[in-house]
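Written out below as structure tokens is the structure these notes cover.
The values are calculated or read from the model by the stated rules, or taken from the named source; none is laboratory data. For clarity, every value in this text was computed on a predicted model and none was experimentally measured. Every residue, glycine as well, gets a Cβ built from its backbone with ideal geometry; the counts of neighbours run over all protein chains shown.
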Amino acid sequence: MEFPVGKMCHVLEVSKSGYYQWLHRQSGKRAMFNQQLMLEIKQVYTKSKCRYGSPRIAKELQMLGIKASTPLVARLMKKENIRSIIKKRFKQTTDSKHHYPVAENKLMHQFTVREKNEAWVSDLTYIRT
């Protein structure tokens, strides 16, 4: 639903001439810099296969000769909803040095059997843990 400009300016208590000046005004230096910087951030981000966060991107930009602080890069990335892909660290789950009793190996790698249900084996390596 659209409303007349005059009525909207009256409700918002601004002049029509002020609204039209704002509408046709060029962006400021900071907005232009941030726009250009965002393009550079996106290039570095895609070049890193979406893995770099704001600290690494800021360092990469500084190596390219672009002055941008880490907080500024972080703020612009957050504004554009750009996030780094964080790989989970390896976590060791097997404790080979435990003091619990280990089950006896009755098969001794002899997997041929004479009749059914004489020996059962399984492999759980396909289950992701």
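Points worth noting:
- Residue within the stretch 112-122 that is at pLDDT below 80, farther than 25 Å from A31 by Cβ, of a type in the set (S, T, Y) and more than 15 Å from the chain's Cα centre (by Cα) present: yes
- Comparison of E40, E60 shows that the only residue that is touching a Lys or Arg at 6+ places or on another chain (Cβ under 9 Å) and at pLDDT 90 or above is E60.
- Any hit, the stretch 78-100, residues being more than 30 Å from R128 (Cβ to Cβ) and of a type outside the set (D, E, K, R): no
- Within the stretch 72-114, tally of residues that are in contact with a helix residue (DSSP H, G or I) (Cβ under 9 Å, 6 or more places away or on another chain) and hydrophobic (A, V, I, L, M, F, W, C): 6
- A Cβ distance below 7 Å, combined with a sequence gap of six or more or placement on separate chains, defines the contacts here; from the stretch 105-118, residues that are in a loop (DSSP other than H, G, I, E, B) reach residues that are at pLDDT 80 or above in the pairs L107/A119; V113/A119.
- In the stretch 31-63, residue farthest from the chain's Cα centre (by Cα) [restricted to those that are surrounded by 11 or more Cβ atoms within 10 Å (Cβ to Cβ) and not in a helix (DSSP H, G or I)]: S48
- Scan the stretch 105-129 for residues that are under 29 Å from R89 (Cα atoms) and of a type outside the set (G, A, S) and the total you get is 7.
- Being surrounded by 10 or more Cβ atoms within 10 Å (Cβ to Cβ) and farther than 30 Å from M32 by Cβ is a description that does not apply to V121.
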